[in-house]
Amino acid sequence: MNRLIALLFSAAAAFLAGCETVPISGRSQLILIDDKEVSALAAGEFAKMKKLPNDPRLAKIREIGLKVVAAARPDDRAGVLPPSSRWEFAVIDDKTPNAFAMPGGKIGFNTGMFAFTPTDDDIAVILGHEVAHVLCRHGAERVSQGLVMAASVAVADQATRNKSQSTRNAWMVALPAVAQVGVMLPYSRAHESESDKLGLFFMARAGYNPEAAPGFWSRFAAKGGSKTPEFLSTHPSDSTRIANLKSWMPQAKAQMPRRP
Ligand SMILES: [Zn+2]
């Protein structure tokens, strides 16, 4: 029992020490892991990917990506974004329509994504969204959520020590599932929505047309994006996402550089 109390206390202390605030959204988030550790994990994953260094579209990805990073910098009060020279961009040899940004400044753009990005504005929609994930430290937050889940399993194991084996088994099966639906998914949806909003602002500041965003996500949804009902998906439903983007449009447009 003493061990259980000690575990709960250390979890509470870590929780209090680890609360940070996300730029613009103001949401509180739990960060229990150093950004450098997450960046190192990410760099290891990035190194394994099949990159196409001679793809003629790589220069475009880098150009738009660096503009979006520069546009995000005014909101980087915590100094999360690496300097421009440290960002790495890659076209990934993968037909799955996907793109990602990793903590530490690694951006990957799958070949399968280009079918959805006929214009620079479309590419800026994706890169704005991905850079926002990095700025908001969503990677470190997800790892932290995983640590909390692991700790809660350990606490339940301790708490049910004297119960029957079947009760203990039920707990062990149920807890991760409860944590998944109750903690992981709402956070993940919050991450997606946060990145949609900040990404829209960053692309607008970088001089791209934010009106491209609802169109991009509609096309993406129509041709094989997530079809899962919102409740079970980690992504906002397509109609919610598009309605949100439209509601943020006036704010985004106000951030576009004035034409001379
Ligand atoms: Zn995302």
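The values are calculated or read from the model by the stated rules, or taken from the named source; none is laboratory data. Owing to the predicted nature of the structure, the values given are computational and were not obtained by experimental measurement. Cβ: placed from backbone, ideal geometry, glycine included. Neighbour counts: every protein chain shown. With ligands, DNA and RNA removed, areas are computed over all heavy atoms of the protein, side chains included. Shrake-Rupley method; radii C 1.70, N 1.55, O 1.52, S 1.80 Å.
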Residues in the range 71-105 that are out of contact with any Ser or Thr (no Cβ under 7 Å at 6 or more places or on another chain) and either among the basic types (K, R) or open to solvent by 60 Å² or more (accessible area, probe 1.4 Å) (or both): how many?
10
So which residues in the range 44-70 are open to solvent by 40 Å² or more (accessible area, probe 1.4 Å) and more than 16 Å from D120 (Cα to Cα), if there are any at all?
E45, A47, K48, M49, K50, K51, L52, P53, N54, A70
When the residues of the range 158-172 are narrowed to those that are outside any loop (DSSP other than H, G, I, E, B) and among the small types (G, A, S), which ends up modelled with the highest pLDDT?
A159
So in the range 173-223, with the set limited to residues that are within 16 Å of the ligand (Cβ to nearest atom), open to solvent by 20 Å² or more (accessible area, probe 1.4 Å) and over 16 Å from G139 (Cα atoms), which one is modelled with the lowest pLDDT?
F220
Being surrounded by fewer than 22 Cβ atoms within 10 Å (Cβ to Cβ) and within 13 Å of the ligand (Cβ to nearest atom) is the filter here; which residues of the range 139-158 pass it?
R142
